[in-house]
Amino acid sequence: MKGMQGLIVAGLLGILGVALNWIYLQGKTKDIANVKFLGIRSDVSIEPGQIIRDDQLQAVPVPERHAGNLKDYVYLHEERGTVVGITATRRYETGDLLFRQDYRTPPPELKLGLAEKLIWIPVNSSGFVPELVDPGDRIEFIIPIYDSPSLPADGDGSVATVPVRRVVRTESIGPFRVGSLGSRLASRNVARGNRLSTSQERLIGIIINGNDERERDNAANLQGRILSGDFRDIGVALLEKVRP
């Protein structure tokens with residue numbers, strides 16, 4: 001009888017040890033930094049073609065030390081606004097993660113019509129915010145117009161001083177449709193989603209329609225101003241945003 005009681009006590013102690021160990025591990029897990037990825041909630045399945053709703057999604061925590069470069073392939077929970085409201089491209093079951101590749105926009109390509117050409121205009125990088133301008137937007141350029149004072153000379157005809165140029169007015173030339181910002185051919189979000197590198201965004205590519213006389217004249221005027229002035233001082237005015 002005493003032997004049976006001993007076995008029961010030993011079994012209870014074993015169960016207690018397992019429970020305490022689980023509680024200990026749970027406490028330690030809370031102290032570990034986690035990365036929250038975007039997954040499908042319990043008891044939810046989504047068929048291809050259905051709209052993904054916010055209440056179908058949940059955070060899937062993964063210890064940071066094990067997350068590795070998973071961020072490059074799976075949406076973070078904080079990015080759920082990116083996929084809520086869009087159409088599912090495949091079937092999802094409980095616990096599935098949402099992969100970026102399933103909703104990645106194809107990399108954009110530069111396409112010009114038969115009568116169109118793209119010319120690049122260098123602008124003042126200190127007075128221009130490339131993040132707020134995307135290909136497809138309509139802009140105009142603000143060109144400084146300088147005075148042309150005569151140069152004073154000594155009696156022998158040599159130049160004594162060189163006067164400083166002053167801006168006397170500005171001229172707006174446009175509108176133009178943006179075709180590129182440096183190497184970027186799409187919005188910032190699309191470029192980021194496709195992990196495309198961007199560079200030289202102070203060089204704005206504008207599309208000129210050769211069949212549009214006004215557009216041709218504006219482009220010729222703009223290029224003439226650039227050749228005769230200081231292109232580093234050219235500003236940009238945003239006129240119309242392209243719809244996302």
So which pairs qualify, if the first residue must be in segment 35-59 and of a type in the set (S, T, Y), the second must be open to solvent by less than 50 Å² (accessible area, probe 1.4 Å), the Cβ gap must be under 8 Å, and the two must be at least 6 apart or on different chains? S42/G95; S45/Y92
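For (1) closer than 15 Å to D102 by Cα; (2) touching a strand residue (DSSP E or B) at 6+ places or on another chain (Cβ under 7 Å); (3) modelled with pLDDT of 55 or more; (4) surrounded by 11 or more Cβ atoms within 10 Å (Cβ to Cβ), each residue gets a yes or a no:
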{"residue": "G14", "(1), (2), (3), (4)": "no, no, no, no"}
{"residue": "L20", "(1), (2), (3), (4)": "no, no, no, no"}
{"residue": "N34", "(1), (2), (3), (4)": "no, yes, yes, yes"}
{"residue": "G39", "(1), (2), (3), (4)": "yes, yes, yes, yes"}
{"residue": "I51", "(1), (2), (3), (4)": "yes, yes, yes, yes"}
{"residue": "H66", "(1), (2), (3), (4)": "no, no, yes, no"}
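Quickly run through segment 94-145 and pick out the residues that are closer than 30 Å to Q58 by Cβ and surrounded by 12 or more Cβ atoms within 10 Å (Cβ to Cβ). Give the derivation first.
Filtering segment 94-145 for residues closer than 30 Å to Q58 by Cβ gives 94-106.
T94, G95, D96, L97, L98, F99, R100, D102, Y103, R104, T105, listed by residue number.
Do the conditions hold for V168, that is, is it in a strand (DSSP E or B) and at pLDDT below 80?
Details: in a strand (DSSP E or B): yes; at pLDDT below 80: yes.
Judged against the criteria, V168 is a match.
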May I ask you to list the residues in segment 68-89 that are surrounded by fewer than 12 Cβ atoms within 10 Å (Cβ to Cβ) and over 12 Å from Y103 (Cβ atoms)? G68, N69, D72, E78, G81
A219: modelled with pLDDT of 85 or more and assigned to a helix (DSSP H, G or I), yes or no? yes
Can you tell which of G179, G205, G136 is at pLDDT 85 or above and at positive phi? G136
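The values are calculated or read from the model by the stated rules, or taken from the named source; none is laboratory data. Small disclaimer: the values here were computed from a predicted structure and weren't measured. Please note: Cβ atoms are built from the backbone with ideal geometry, for glycine as well, and neighbour counts cover all protein chains shown. We work out accessible area using only protein heavy atoms, side chains counted, and drop any ligands, DNA or RNA first. Shrake-Rupley method; radii C 1.70, N 1.55, O 1.52, S 1.80 Å.
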